[in-house]
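Heads up, the thing below is written out as structure tokens.
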Amino acid sequence: MSTWVAVPEGSGFGIDNLPYGIFAPPDAPARVGIRIGDQVLDLAAVLDDTVFAAATLNPFMAQGPRRWADVRAQVTDLLTDECHRERLEPALWPLPSVTLALPFAVADYVDYYSSLQHASNVGRMFRPDEEPLKPNWRHLPVGYHGRSGTVVVSGTPVMRPHGQTKAPDATAPSFGPTRRLDIEAEVGFVVGVASRMGDPIAVDAVAEHVFGVVLCNDWSARDIQAWEYVPLGPCLGKSFATSISAWVVPLAALQAARVPPPVQDPTPLPYLQGAEPWGLNLALEVQLNGTVVSRPPFAEMYWTPAQQLAHMTVNGASVRAGDLYASGTVSGAERDQRGSLLELTWNGAEPLTLSDGSTRTFLEDGDTVSIIATAPTANGGRIRLGDVTGTIAPATPPTL
Ligand code: CA
């Protein structure tokens, strides 16, 4: 299948991808668009449904999987059959001419901790005298509730946060800008269809609720986190900003990426056992100021997005359109597969060297981090998830 739209070779945004986002043409209000190559198709202009005139994907996502499949089929037809070209061309906007916005209003945000390698590495560094994994880790997807109001779209500057920290040898905590600002390369899952309170979502029902996938950077202030996290988990060390990509790749585009997850031992409880494989063979890449510093393999994640959704609702908690849940930092077994600077530099002990010769332990002001990812397609090609990029702005002292 090929499109009449000019798609640059290897762009990863061909006809088999078709991710959704929110864009504003010049001097016009934001609305729903689909990316094809380096252009955006204005869905409000070509499909007869007011949901596409909204400045958020939430109303469309709430329409459910049958409607998502219909729209995907319609758009695929429009972009492949030459007969539509004349009508559609005025509704195609070059990417540099538009402004991209946060693709959906984030309802609740949960962040998991589902990479065995990441959890083991962090355990070794934060609790060197204990077993790296806590006794619960292999029995349930450990997670925490994050701050949905500070989820920002790719490209938004991230200000270095202030906070309370305490060095191990200090007698009292002190206050100031974080000195250990870090990244976490993650994959986020976006809920479209709500569930009712009291009705858990079965592990094999993930595709009835989850609309699509974004890349996430869970910015983390390690010094703030290390002092605050006991015993209730991360809070201000992460709540200052979480970046997501501007494009939501629908699950339908990722069918060829589905793989069985790693063997789970011990066998999880029945509510976490599914018949369908929901591992995803996504290849991530982390770039720091243009230097590739890591290539985390998502296929190695221990807990799947289906298990995470089942776990999130097994107590009767409901989900809503716009709920976002992230995988946790994606880290593989090799050093150059780790998804955080904490792990890549082993808590600052082993600095990275960038292509300009400079070295990094944690992030400096002005540093730009990009996370990109690709997924295999049925015909042997690769599609690309929306990039997530952010640049660190200097701390502005709060008025105290
Ligand atoms: Ca995280």
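Suppose we filter 241, 246 for residues that are open to solvent by less than 50 Å² (accessible area, probe 1.4 Å) and either within 14 Å of the ligand (Cβ to nearest atom) or not assigned by TED's automatic domain parsing to the domain that holds residue 301 (or both); which single one remains?
Result of the check over 241, 246: 241.
Mind checking which residues of region 326-338 are within 15 Å of the ligand (Cβ to nearest atom) and more than 10 Å from residue 121 (Cβ to Cβ)?
Applying the first criterion (within 15 Å of the ligand (Cβ to nearest atom)) to region 326-338 yields 326-331, 338.
If the condition is that a residue be within 15 Å of the ligand (Cβ to nearest atom) and more than 10 Å from residue 121 (Cβ to Cβ), then 326, 327, 328, 330 are the ones that fit.
Pick out the one residue from 343, 276 that is away from the ligand (no atom under 16 Å from the Cβ) and among the acidic types (Asp, Glu).
Working: 343 fails: away from the ligand (no atom under 16 Å from the Cβ).
Going through 343, 276 in turn, the sole match is 276.
With of a type outside the set (Ser, Thr, Tyr), in contact with a Cys (Cβ under 6 Å, 6 or more places away or on another chain) and open to solvent by less than 30 Å² (accessible area, probe 1.4 Å) as the only criterion, which of 310, 326 stands out? Give the steps one after another, and end with the answer.
Details: 310 fails: in contact with a Cys (Cβ under 6 Å, 6 or more places away or on another chain).
Sole residue among the options that is of a type outside the set (Ser, Thr, Tyr), in contact with a Cys (Cβ under 6 Å, 6 or more places away or on another chain) and open to solvent by less than 30 Å² (accessible area, probe 1.4 Å): 326.
Based on this model, can you work out whether residue 344 counts as over 17 Å from the mean Cα position of the chain (by Cα) and surrounded by 24 or more Cβ atoms within 10 Å (Cβ to Cβ)? Steps first, answer last, please.
Numbers: over 17 Å from the mean Cα position of the chain (by Cα): yes; surrounded by 24 or more Cβ atoms within 10 Å (Cβ to Cβ): yes.
For residue 344, the condition - over 17 Å from the mean Cα position of the chain (by Cα) and surrounded by 24 or more Cβ atoms within 10 Å (Cβ to Cβ) - is met.
Could you check how many residues of region 271-312 are acidic (Asp, Glu) and more than 15 Å from the chain's Cα centre (by Cα)? Let's see the steps before the verdict.
Residues of region 271-312 that are acidic (Asp, Glu), as a first pass: 276, 285, 300.
Within this subset, residues satisfying the condition of being more than 15 Å from the chain's Cα centre (by Cα) are 276, 300.
Adding up the residues that qualify gives 2.
Output the number of residues of region 197-235 satisfying the condition of being open to solvent by 30 Å² or more (accessible area, probe 1.4 Å) and within 16 Å of the ligand (Cβ to nearest atom).
To start, the set of residues in region 197-235 that are open to solvent by 30 Å² or more (accessible area, probe 1.4 Å) comprises 197-200, 202, 204, 207-208, 226-232, 234-235.
Among the residues that remain, those that are also within 16 Å of the ligand (Cβ to nearest atom) are: 226, 228-229, 232, 234-235.
Summing the residues that are open to solvent by 30 Å² or more (accessible area, probe 1.4 Å) and within 16 Å of the ligand (Cβ to nearest atom) in region 197-235 gives 6.
Find the residue count for region 295-334, including only residues that are outside any loop (DSSP other than H, G, I, E, B) and either modelled with pLDDT under 95 or farther than 24 Å from residue 376 by Cα (or both). Talk me through it step by step, then tell me what you get.
Restricting attention to region 295-334, the residues satisfying the condition of being outside any loop (DSSP other than H, G, I, E, B) are 297-300, 305-313, 324-326.
Adding the requirement that they be either modelled with pLDDT under 95 or farther than 24 Å from residue 376 by Cα (or both) leaves 310-313.
Going through region 295-334 one residue at a time, the tally reaches 4.
For every residue, the table says whether it meets (1) in a helix (DSSP H, G or I); (2) open to solvent by less than 60 Å² (accessible area, probe 1.4 Å); (3) under 25 Å from residue 382 (Cβ atoms).
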residue	(1), (2), (3)
15	no, yes, yes
56	no, yes, no
59	yes, yes, no
63	no, no, no
66	yes, no, no
70	yes, no, no
88	yes, yes, no
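Filter region 351-376 down to residues that are open to solvent by 20 Å² or more (accessible area, probe 1.4 Å) and part of a loop (DSSP other than H, G, I, E, B), then give me how many there are.
9
Is it fair to say residue 44 is within 24 Å of residue 154 (Cβ to Cβ), among the hydrophobic types (A, V, I, L, M, F, W, C), open to solvent by 10 Å² or more (accessible area, probe 1.4 Å) and assigned to a loop (DSSP other than H, G, I, E, B)?
Working: within 24 Å of residue 154 (Cβ to Cβ): yes; among the hydrophobic types (A, V, I, L, M, F, W, C): yes; open to solvent by 10 Å² or more (accessible area, probe 1.4 Å): yes; assigned to a loop (DSSP other than H, G, I, E, B): no.
Answer is no for this residue.
State which residue pairs qualify: first residue over 22 Å from residue 345 (Cβ atoms) and inside region 119-134, second residue of a type in the set (Val, Ile, Thr) in any location, beta carbons under 9 Å apart, and separation of 6 or more residues or different chains.
134/142
Somewhere in region 284-294, is a residue assigned by TED's automatic domain parsing to the domain that holds residue 149 and in a helix (DSSP H, G or I)? Show your work before the answer.
The first filter runs over region 284-294 and keeps only residues assigned by TED's automatic domain parsing to the domain that holds residue 149, leaving 284-294.
Subsequent filtering for residues that are in a helix (DSSP H, G or I) retains none.
Within region 284-294, none of the residues are assigned by TED's automatic domain parsing to the domain that holds residue 149 and in a helix (DSSP H, G or I).
Would you point out the residue of region 111-146, among those that are crowded, with 22+ Cβ neighbours inside 10 Å and part of a strand (DSSP E or B), that is farthest from the ligand (Cβ to nearest atom)?
So the residue we want is 112.
The values are calculated or read from the model by the stated rules, or taken from the named source; none is laboratory data. Not measured: the values here are computed from a predicted model. Heads up, the Cβs are rebuilt from the backbone with ideal geometry, glycines too, and the neighbour counts pull from every protein chain shown. Heads up: the accessible areas ignore ligands, DNA and RNA and are worked out on the full protein's heavy atoms, side chains in. Shrake-Rupley method; radii C 1.70, N 1.55, O 1.52, S 1.80 Å.
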